[in-house]
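*Asks:* Take a look at this one; I'll ask things after.
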Amino acid sequence: MHKLLKKQIKELIPQDADLNLLAPFLQEIEKTYCSSEGELQDLKHQLHNTSNQLSERFQQLTYHLAQTEITKRELEHSISLLNATLNATYDGIVVFDEDGNPVTWNEMFLSMFSLELGKNSPDNRQIIKNKLSTIMRNQDEFDQLWEFNKTYLDQPSYAVLSTKDGRFIECNTNPRYHHDRNVGRVWSFCDITEIRIREQQAIHKNYHDDLTRLPNRALIYDRINHAIQTGSEDDEEHAILFIGLDGFKYINDTLGLEMGDNLLMEVAKRLQSDIPPRSTLARYGGDEFILFLENIRSSFEVSLAAENIRQIIEKPFEIKNQTLHLTTSVGIALFPADGSDAETLIRKADMAMYHAKNKGRNNVQFFARELELLTSHRMNIRNNLKRAIDNREFYLLYQPKVDLRTGHTIGVEALIRWKKSTGQIISPMDFIPAAEENGFITEIGNWVLEEACRQLSQWSSFNRKAFHVAVNISGQHFQKNQILHTVEDLISQYKVAPASLEIEITESVIMNDMDETILTLQALRKMGINASVDDFGTGYSSLNYLKRLPVSTLKIDKIFVDDIAKSRRDLALVDTMISLAHHLNMTTVAEGVESRETLDLLSQLGCDIGQGYYFSQPVSAEEITRLLTQDVSSETV
Ligand code: C2E
Ligand code: CA
Ligand code: CA
């Protein structure tokens, strides 16, 4: 027993106590004491262990807490990133859970469909469904798509929905997964209205004419070929009517492009309002239209349609307070008789239209095989003319004009030539009429004027005062007011003396619009430019008009000159012409002088100037330069 404890107990026991009696108690005390000390030791030990464990646990917890804080921050960051992304996109986005209830969405989704959703409201799902299906043009289509929220959870789906207010909305829905388990879908909506409209406009533009809004060349080709290829019956027949406006070019040239455009729009409107059933009207180009009649019963039906067109266009047009008159030439080709594809059929209808024009316009012609040979040459010219100027295929030859008294060359006439890339040379007699029909003549005429002026400025160094270049100007070109400006510009650009440029216009041009012609000629004369009447004697005109004309020269046509040596009658005619001209103070030029004999007679009659193969064929500018160089010594300047 512990000594201290024993001592304390002894002190507690009175002196006179019987120790023998106390002995069992003392033993009991000693026993109890010893066992609690052992327990105490145990407890102490346990306490120590627990405290160690607790501190370890505490450290772990502190660590976990720190980890959780980091994760929480990361999560917050992700969520804000996600929200920013969701709200930054132009797509409307909504996410559904596996029961089809919306869990999250972005602002765009709400504004795209004018939706208001409560956070966690149980009605959200129904609100979205109702709203979307009512604004869609095709509700069923949307409802079907909506089913994807339930039934086809594992498939993505895509659709372009159109809304009743005219929008196109592209819709994508994708399943979403969590640990490989499908937990709903993400829907995204993109408003593609603008893109769609632009696409549709582009398609429409590719297939329609800007001015008249009619189907264009490409579309009519498609239609025709489609009808031919998909025809159900074996004996189906179609007709292609090629409609050419007569005289449109003239209106366009004289009244201006705007007027021309307005007229074309009116023509298109008139034609379109009166086309037969099962037919397509297209603008083929310029002043050409095509009417495609499908599934015709007889050629009579086609004739009627063509005749109707002719009559519709014949009625006068009122445009900007002006009354305009047009006629049409219509050419017709039939499928299958004339061809089995759009290109052939249109080509043949075009040929027939040309034939109609040649027959005096304002009429209708069916394609006939003989036309093919007749027109191919013409078409060839027509197609190639467009490129001729750009390809520099034109050049000028010059034919000397000789003073019959002195024998000197006092000027030249510029005559155009066309050398095609194949080397073939085409006569102006062939291509000038074609150019007049196509309206290229102004461009060609301007080229001739410029080339002549350029050449004149080179020849000016020879200082031959009276030397001139005469240029042939077509009626169409001449009747445009613009010619005055062109001439004025060229003269100053090339520093050409006005008197050295001469304009030749034919008698028929003058008679076409006498008053207008006189005005233009007067203006030219004011500038100092001379004009001559070409092919004099060939028109059916009274001679009175000559008095009114401000022209300096008469060119007596070759057909009168040719036979003066043989025919007394022709000699008398030429004599009269010369006297008449002199009487009116005009100079005379005899064209087509081919022999000495003719030359002598002309001299006797007092003709001033001669031109013809006897003196020289039309020759190159270099030849004329050589001539001027030789001549310069003998010529009195
Ligand atoms: P034109 O103005 O009457 O020109 C005279 C034509 O007769 C020219 O034919 C010329 O080569 C030809 N010739 C000249 N002397 C003789 C001859 O002694 N005998 C024969 N048999 N012929 C002769 P070319 O060059 O073929 O021109 C034909 C027509 O083409 C011209 O007739 C004119 O109307 C037109 N032309 C020519 N160049 C132009 C041009 O630059 N512009 C326009 N608008 N028309 C032109
Ligand atoms: Ca001429
Ligand atoms: Ca002539």
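*Asks:* When the residues of region 419-440 are filtered to those that are in contact with a Phe, Trp or Tyr (Cβ under 9 Å, 6 or more places away or on another chain) and of a type in the set (A, V, I, L, M), which remaining residue is nearest to Asp287 (Cα to Cα)?
*Replies:* Here the residue is Ala434.
*Asks:* Sticking with this structure for a sec: Within region 409-435, which residues are open to solvent by 40 Å² or more (accessible area, probe 1.4 Å) and either closer than 18 Å to Val619 by Cα or without any contact (Cβ under 8 Å) to a residue 24 or more places away in the chain (or both)?
*Replies:* Arg417, Lys419, Thr422, Gln424, Ile425, Ser427, Met429, Pro433
*Asks:* Same structure, new question: Search region 599-612 for residues being over 20 Å from Leu580 (Cβ atoms) and surrounded by 14 or more Cβ atoms within 10 Å (Cβ to Cβ), and hand back the single one that is nearest to ligand 2 (Cβ to nearest atom).
*Replies:* Gly612
Let's see how each residue does on (1) out of contact with any helix residue (DSSP H, G or I) (no Cβ under 6 Å at 6 or more places or on another chain); (2) open to solvent by 70 Å² or more (accessible area, probe 1.4 Å):
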site	(1), (2)
Cys190	yes, no
Ile197	yes, yes
Gln200	yes, yes
Asn206	yes, yes
Thr212	no, no
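*Asks:* Identify the single condition in (1) open to solvent by 10 Å² or more (accessible area, probe 1.4 Å); (2) within 16 Å of ligand 2 (Cβ to nearest atom); (3) in contact with a Gly (Cβ under 8 Å, 6 or more places away or on another chain) that Ala466 does not satisfy, given that it satisfies every other one.
*Replies:* (2)
*Asks:* Take the conditions of a type in the set (Gly, Ala, Ser), open to solvent by 10 Å² or more (accessible area, probe 1.4 Å) and more than 16 Å from ligand 1 (Cβ to nearest atom) and apply them to Ser508. Does it pass?
*Replies:* Spelling it out, it is not the case that Ser508 is of a type in the set (Gly, Ala, Ser), open to solvent by 10 Å² or more (accessible area, probe 1.4 Å) and more than 16 Å from ligand 1 (Cβ to nearest atom).
*Asks:* Report, ordered by the first and then the second residue, all pairs with beta carbons closer than 8 Å, sequence separation of six or more or different chains, a first member in region 589-617 that is in contact (Cβ under 8 Å) with a residue 12 or more places away in the chain and β-branched (Val, Ile, Thr), and a second member that is part of a helix (DSSP H, G or I) and open to solvent by 10 Å² or more (accessible area, probe 1.4 Å).
*Replies:* If the second residue must be part of a helix (DSSP H, G or I) and open to solvent by 10 Å² or more (accessible area, probe 1.4 Å), the pairs left are Val593/Leu599.
*Asks:* Scan Ile518, Ile556 and give me the residue that is open to solvent by less than 50 Å² (accessible area, probe 1.4 Å), of a type in the set (A, V, I, L, M) and touching a Lys or Arg at 6+ places or on another chain (Cβ under 7 Å).
*Replies:* Going through Ile518, Ile556 in turn, the sole match is Ile518.
*Asks:* Cβ contacts < 9 Å: first residue closer than 16 Å to Ser427 by Cα, restricted to region 391-403; second residue polar (S, T, N, Q) and open to solvent by less than 20 Å² (accessible area, probe 1.4 Å), any location; separation 6+ or different chain. Result?
*Replies:* Partner pairs satisfying both residue conditions: Leu396/Gln455; Tyr398/Gln455; Gln399/Gln611.
*Asks:* To continue, here is another question. For Leu4, are the conditions met, namely being without any contact (Cβ under 8 Å) to a residue 12 or more places away in the chain, assigned to a helix (DSSP H, G or I) and surrounded by 10 or more Cβ atoms within 10 Å (Cβ to Cβ)? Please lay out each step first, then the result.
*Replies:* Details: without any contact (Cβ under 8 Å) to a residue 12 or more places away in the chain: yes; assigned to a helix (DSSP H, G or I): yes; surrounded by 10 or more Cβ atoms within 10 Å (Cβ to Cβ): no.
No, not satisfied.
*Asks:* Considering every residue within region 521-536, establish whether at least one is more than 18 Å from Ile483 (Cβ to Cβ) and either more than 16 Å from ligand 3 (Cβ to nearest atom) or crowded, with 21+ Cβ neighbours inside 10 Å (or both).
*Replies:* yes
*Asks:* If I filter region 485-493 for residues that are touching a Ser or Thr at 6+ places or on another chain (Cβ under 6 Å) and either within 16 Å of ligand 1 (Cβ to nearest atom) or among the hydroxyl-bearing types (Ser, Thr, Tyr) (or both), do I get at least one hit?
*Replies:* No, every residue in region 485-493 fails to be touching a Ser or Thr at 6+ places or on another chain (Cβ under 6 Å) and either within 16 Å of ligand 1 (Cβ to nearest atom) or among the hydroxyl-bearing types (Ser, Thr, Tyr) (or both).
*Asks:* Looking at region 14-35, which of the residues that are under 19 Å from Leu4 (Cα atoms) and polar (S, T, N, Q) is most open to solvent (accessible area, probe 1.4 Å)?
*Replies:* Gln15
*Asks:* Going through region 574-597 one residue at a time, which ones are touching a helix residue (DSSP H, G or I) at 6+ places or on another chain (Cβ under 9 Å) and either within 16 Å of ligand 3 (Cβ to nearest atom) or open to solvent by less than 10 Å² (accessible area, probe 1.4 Å) (or both)?
*Replies:* Selection gives Val574, Met577, Ile578, Ala581, Met586, Thr587, Thr588, Ala590, Glu591, Gly592, Val593, Glu594.
*Asks:* Same structure again: Of the residues Ser80, Ser51, only one is closer than 30 Å to Glu107 by Cβ and either part of a helix (DSSP H, G or I) or open to solvent by less than 100 Å² (accessible area, probe 1.4 Å) (or both); which?
*Replies:* Only one candidate passes the filter, namely Ser80.
*Asks:* Could I ask something else about it? In this structure, does Ile444 turn out to be near ligand 1 (Cβ under 9 Å from one of its atoms), farther than 14 Å from Asn380 by Cβ and outside any helix (DSSP H, G or I)?
*Replies:* Values: near ligand 1 (Cβ under 9 Å from one of its atoms): yes; farther than 14 Å from Asn380 by Cβ: yes; outside any helix (DSSP H, G or I): no.
Against the criterion (near ligand 1 (Cβ under 9 Å from one of its atoms), farther than 14 Å from Asn380 by Cβ and outside any helix (DSSP H, G or I)), Ile444 does not qualify.
*Asks:* Identify, by number, the condition in (1) within 18 Å of Ala499 (Cα to Cα); (2) within 15 Å of ligand 1 (Cβ to nearest atom) that Arg417 doesn't meet.
*Replies:* Answer for Arg417: the failing condition is (1).
*Asks:* Does region 276-297 include one or more residues that are basic (Lys, Arg) and within 22 Å of Pro215 (Cα to Cα)?
*Replies:* Pass one, region 276-297, residues basic (Lys, Arg): 278, 283, 297.
Filter once more, keeping what is within 22 Å of Pro215 (Cα to Cα): 278, 283.
Yes.
The values are calculated or read from the model by the stated rules, or taken from the named source; none is laboratory data. None of the values given here were measured: they were computed from a predicted structure. Backbone-built Cβ (ideal geometry, glycine too); neighbour counts: all protein chains shown. Side chains included, ligands, DNA and RNA excluded: accessible areas come from the protein's heavy atoms. Shrake-Rupley method; radii C 1.70, N 1.55, O 1.52, S 1.80 Å.
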